[in-house]
Amino acid sequence: AAVYEDQVGKFDWRQQYVGKLKFASLEASQGSKKLVVATEENVVAALNSRSGEILWRHVDKGTPEGAIDAMLIHGQDAITVSNAGRILRSWETNIGGLNWETSLDTGSFQGAALVGLPEAVKYVAVLKKAALSLHYLSNGHQKWVEHLPESESTQYQLLYSRGTGVIHVVGIVPQSHLNILTFNVEDGEITKQVRVAAPWLGALRGCCGVVGEAVLVCADAAARALRVCALDTEQDMRHVPLQSLELEFADDFQARILATQPSVTGASRTQFFLQLSPSHFSLLQYKQGLLSHLRDFQQAALVSFATTGEKTVAAVLTCRSELKPGSSDSLHAGSTLENTRRQDSLTCSNQTYNINLYLVETGQRLLDTTITFSLEQGGARPQQLYIQVFLKKDDSVGYRALVQTEDHMLMFLQQPGKVVWSREESLAEVVSLEMVDLPLTGAQAELEGEFGKKADGLLGMFLKRLSSQLILLQAWTAHLWKMFYDARKPRSQIKNEINIDNLARDEFNLQKMMVMVTASGKLFGIESSSGTILWKQYLRNVKPGSSFKLMVQRTTAHFPHPPQCTLLVKDKETKMSFLYVFNPIFGKRSQVAPPVLKRPILQTLLLPIMDQDYAKVLLLIDDEYKVTPFPATKNVLRQLEEIAHSIYFYLVDAEQGKLSGFRLKKDLSTEESWEVAIPTEVQRIVAVKGKRSNEHVHSQGRVMGDRSVLYKSLNPNLLAVVTESTDTHHERTFIGIYLMDGVTGRIIHSSVQKKAKGPVHMVHSENWVVYQYWNTKARRNEFTVLELYEGTEQYNATAFSSLDRPILPQVLQQSYIFPSAISAMEATITERGITSRHLLIGLPSGAILSLPKALLDPRRPEIPTEQSREENLIPYSPDVQIHAERFINYNQTISRMRGIYTAPSGLESTCLVVAYGLDIFQTRVYPSKQFDVLKDDYDYVLISSVLFGLVFATMITKRLAQVKLLNRAWR
Amino acid sequence: GNTISIFPAMMVCMMGWRPLQALMSLSATLKALESSSRRALQGLVFLVGNGLGLALALYKCQAMGLLPTRPSDWLAFVTPPQRMEFTGGGLIL
């Protein structure tokens, strides 16, 4: 499976992502080349600000343990706090090296800040629920740690220092008072402790900010006023009414304060933003006890501060036209899902935005600082704005802006509106994936169409054939012409760019369209051979945590009908679902109107029957166990009525530990036919897997050493159910495997693996199931393979009915030790199923191991015999080794792999593989080598020269023989 | 040896081909026997002898495993059984 050096990157590609930004830092200089980011995916990375490429990236654990709580930048170092405030790290941002790492005491993390003395920044302070600790920036060592008084009742949330040798910590007892502590930086002594009554305040974060020389400003929406209090002096909060400034708080909106502190060794700016409503910001100044209004921004979507040198500017992102509440113009299928987010949803009708800079001191707009950019229509809104300002040579202010939109897209903009680069970070969270064949070219379609149509006479057929051959000839000459034309140009100029217009299937169907669904609700169409994103579509009404199911209803094989994919989105909270029907090649929403789903959908079932337009019929089962077909034409309903008696479906409720089977009735209602209960007190269902519907099995049995046949038990309705025990004690923990028939509910095989623990990874294919688990007794990872055989006789060779299976299959089983944990597992699949199967195992190290299924074969004998040798069975050895040459992705490791997707290609030998996680990797594998393709290094020259030489020699010898015969005749 | 290698294979080919050739030229042989008085018997012996030769060749083929007499020889032609029921579903979304 390993590749040769010259094959690197020939058939494979990898794309790396960082995820949705949580913190970002842009250096305030024009020549800066990097921006440091920390993301929701627990990644710390530096991006090249010229190209958007990743300079370096550190991926922490994917669990909450790796979550990054704060990031602070000091010079060339980035300080991060992660694992709920347990770990403090310092990174060198130029090369991404770790400077130091220290672990902190437990306690819920509240905040972190750099602490400066007047001359230099030397410490970082970490605020926990009950303690404040100070660490040296140079080595992470702790300088001191101090307990916070009254920490049970007070929530300490705010940390502030301005280079005066003291640190202020503000805590709140909601609806009662504030507790302001002042610590001495040198020894951690509490020099002052003040209690300020604030019965109107519920939370500090967002609501309050520190401006000027340690002045706490809080917004009090109920009193329509600001409350101000100096942290240094002992005084009560001053009440500053806003009516005089003609500012009105919006109803039901938590007003927010945004302040800025250009340097930790100096005071904050006296100017700050007050957000009065989702789109209304106001730039205010509080100086020497006086509040003044600098500028009002009525239609702003986002605001941000940035500082370079002495200048601090405010950046305001506004909609070019008017912001509107709701999203009346956005596309969407399920209109019922829309209302809950209305409050903070403001859409910009033409999706064109402006960014402007304002000088904070005066609120004046800086000339020539407008960036105008457009987002896709019906797309996402900007969500975060980061500004990089710098002074140009003529002392004017220049800037670049990093905008993150709701669909996790990052855009880096430059004046006057040029997109320097953009990144689609939602691809770090792919949840569902399908590969769709590309459409045929016009000529190919013509030729295909010839066979599809009904015959219209001999002459007509002949003429049609002639015309299609002519078209082919034309295409071929055009191709030749292009080749000739290209050959004259230097090689570097030839661009073989793939775009949506020249998309066409290649000879062997190796190039496909990957339709990816991401957790953010953004869909992508990616061309599989190059990884180019050809289309994207953001579904705005998808909430985080929704479940998705992507189905291909019509493939590209039914020209001129466009291919059709259907995505079912189900909201976790409201349980409501909607269908989104689209063309997977062009990404356009389909004209076909999907049914409006009034009830929550439990499952879907894609039937092999088609309507008159060749779309497969999709059945949607709702929570009343009623079935909605889509499409629901008369033709479909008639067909459904005919075959209703043979349609069954099963539903697995993991929460209640219930598996139930249903039978479809003619009136599209259902009837429960079986039910299996798995008591949830003892074990819970973790995975249910049927077989892939597009899987072909070429051989119906295996040839034994004595030349008899062991027939495989290929039950297409078989389900593999995995359970894990609720008791996780290492002596009592177990996993259960049940093989059940999905039609009858009959348990064909069940086994319990004692002292075994999940997570269980499983592959179910043909007549076998492979699963992997952790053996708690031997403390190792193990594989178990189950294979099902009918025996030497087939019960019924012509038809398979689950209702008529009197004989239970024989189950063979074997286990193996695997030296590593695994993060994903899938089996290869090919067009006709002739090629031997491999298991693709994603390892936590990021490698994908291609393991021949023959190594996991329960018929491997312990003592090899004559017959087993005849069968080519490898003698049993308990350990399966990881050979680095079996890695299909050589050094292109995939971080945090979550799944592997396999698809057949037009070549029987070749299987397409996509692995996804934080990164996306695509390649091809050849489990039985490339038996149907000539090798790359096939010597055409030698073969053809030998051939021509032989023909030539034959001709010469023939001539010589003729001459000789003639001479002999004369003699 | 019942292993399949070039010499036994050639031997078996010859073993089968010779009687076949002889049987094909049966009419010529019978013509040569026209003058004989016990023509019928001689003809029969010729036939039986060659038949035995052919049988021996077949037996040899069988012993070498060259005859498709076992079910495994026809396995590639076994078509998958037709599916009578259709099922689908899974964990509740």
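The values are calculated or read from the model by the stated rules, or taken from the named source; none is laboratory data. This one's a predicted model, so the numbers in the text were calculated from it and none came from an experiment. All Cβ positions, glycine included, derive from the backbone under ideal geometry; neighbour counts span all protein chains shown. These accessible areas exclude ligands, DNA and RNA; they are computed on the full protein's heavy atoms, side chains included. Shrake-Rupley method; radii C 1.70, N 1.55, O 1.52, S 1.80 Å.
Which of the residues belonging to the stretch A:634-652 are facing another protein chain (nearest Cβ under 7 Å) and touching a residue at least 24 places away in the same chain (Cβ under 8 Å)? Within the stretch A:634-652, A:ILE647, A:TYR648, A:PHE649, A:TYR650, A:LEU651, A:VAL652 qualify.
Filtering the stretch A:584-618 to residues that are closer than 26 Å to B:PHE86 by Cα and aromatic (Phe, Trp, Tyr) leaves only A:TYR614.
Taking the criterion of being open to solvent by 20 Å² or more (accessible area, probe 1.4 Å) and either without any contact (Cβ under 8 Å) to a residue 60 or more places away in the chain or in a strand (DSSP E or B) (or both), the residues of the stretch A:561-587 that qualify are A:HIS561, A:PRO562, A:LYS572, A:GLU573, A:LYS575, A:ASN583. Within the stretch B:48-69, no residue that is outside any loop (DSSP other than H, G, I, E, B) sits with its Cβ atom under 6 Å from a residue that is among the basic types (Lys, Arg) at 6+ positions apart or across chains.
If you check B:PHE7, B:PHE46, B:PHE77, which single one turns out to be surrounded by fewer than 16 Cβ atoms within 10 Å (Cβ to Cβ) and either within 30 Å of A:ARG684 (Cα to Cα) or away from every other protein chain (no Cβ under 13 Å) (or both)?
On the way: B:PHE46 fails: surrounded by fewer than 16 Cβ atoms within 10 Å (Cβ to Cβ); B:PHE77 fails: either within 30 Å of A:ARG684 (Cα to Cα) or away from every other protein chain (no Cβ under 13 Å) (or both).
On inspection, the qualifying residue turns out to be B:PHE7.
The set of residues from the stretch B:55-74 being open to solvent by 80 Å² or more (accessible area, probe 1.4 Å) and either under 24 Å from A:MET551 (Cβ atoms) or more than 10 Å from chain A (Cβ to nearest Cβ) (or both) comprises B:LEU56, B:LEU58, B:TYR59, B:GLN62, B:LEU66. Is it the case, given these coordinates, that A:LEU550 is surrounded by 18 or more Cβ atoms within 10 Å (Cβ to Cβ), of a type outside the set (Gly, Ala, Ser) and more than 14 Å from every other protein chain (Cβ to nearest Cβ)? It is false that A:LEU550 is surrounded by 18 or more Cβ atoms within 10 Å (Cβ to Cβ), of a type outside the set (Gly, Ala, Ser) and more than 14 Å from every other protein chain (Cβ to nearest Cβ).
When A:ILE95 is tested against (1) open to solvent by 20 Å² or more (accessible area, probe 1.4 Å); (2) closer than 22 Å to A:LEU204 by Cβ, only condition (2) is not met.
Could you tell me which residue of the stretch B:1-43 is nearest to B:MET64 (Cα to Cα), considering only residues that are assigned to a helix (DSSP H, G or I) and of a type in the set (Val, Ile, Thr)? First the steps, then the outcome.
Step one: list which residues in the stretch B:1-43 are assigned to a helix (DSSP H, G or I), which gives B:6-24, B:26-32, B:39-43.
With of a type in the set (Val, Ile, Thr) added as a condition, the list becomes B:6, B:12, B:29.
Details: B:ILE6: 12, B:VAL12: 10, B:THR29: 32 Å.
Checked the stretch B:1-43; the qualifying residue nearest to B:MET64 (Cα to Cα) is B:VAL12.
For the stretch A:794-814, the criterion of a residue being open to solvent by less than 40 Å² (accessible area, probe 1.4 Å), more than 14 Å from every other protein chain (Cβ to nearest Cβ) and of a type in the set (Gly, Ala, Ser) is satisfied by no position.
If you check A:THR182 against the conditions, is it in a loop (DSSP other than H, G, I, E, B), out of contact with any Asp or Glu (no Cβ under 7 Å at 6 or more places or on another chain), surrounded by 14 or more Cβ atoms within 10 Å (Cβ to Cβ) and among the hydroxyl-bearing types (Ser, Thr, Tyr)?
On the way: in a loop (DSSP other than H, G, I, E, B): no; out of contact with any Asp or Glu (no Cβ under 7 Å at 6 or more places or on another chain): yes; surrounded by 14 or more Cβ atoms within 10 Å (Cβ to Cβ): yes; among the hydroxyl-bearing types (Ser, Thr, Tyr): yes.
No; evaluated as a whole, the condition is false for this residue.
Among the residues of the stretch A:687-708, none qualifies, meaning not one is at positive phi, of a type outside the set (A, V, I, L, M) and more than 9 Å from chain B (Cβ to nearest Cβ). All conditions but one from (1) under 16 Å from A:LYS128 (Cβ atoms); (2) without any contact (Cβ under 8 Å) to a residue 12 or more places away in the chain apply to A:LEU104; the one that does not is (2).
Within the stretch A:607-630, the residues that satisfy the criterion of being facing another protein chain (nearest Cβ under 10 Å), in a strand (DSSP E or B) and either surrounded by fewer than 17 Cβ atoms within 10 Å (Cβ to Cβ) or touching a helix residue (DSSP H, G or I) at 6+ places or on another chain (Cβ under 7 Å) (or both) are A:PRO608, A:ILE609. Looking at the stretch A:629-636, can you tell me whether even one residue there is within 23 Å of A:SER432 (Cβ to Cβ) and basic (Lys, Arg)? For the stretch A:629-636, residues within 23 Å of A:SER432 (Cβ to Cβ) and basic (Lys, Arg): absent.
Selection over the stretch A:381-415 of residues that are open to solvent by 10 Å² or more (accessible area, probe 1.4 Å) and among the small types (Gly, Ala, Ser) gives a count of 1.
Applying the set (1) at pLDDT 80 or above; (2) in contact with a helix residue (DSSP H, G or I) (Cβ under 6 Å, 6 or more places away or on another chain) to B:LEU56 leaves exactly one unmet item: (2). For A:SER850, are the conditions met, namely being buried (at least 19 other Cβ atoms within 10 Å of the Cβ) and either among the polar types (S, T, N, Q) or away from every other protein chain (no Cβ under 14 Å) (or both)? Yes.
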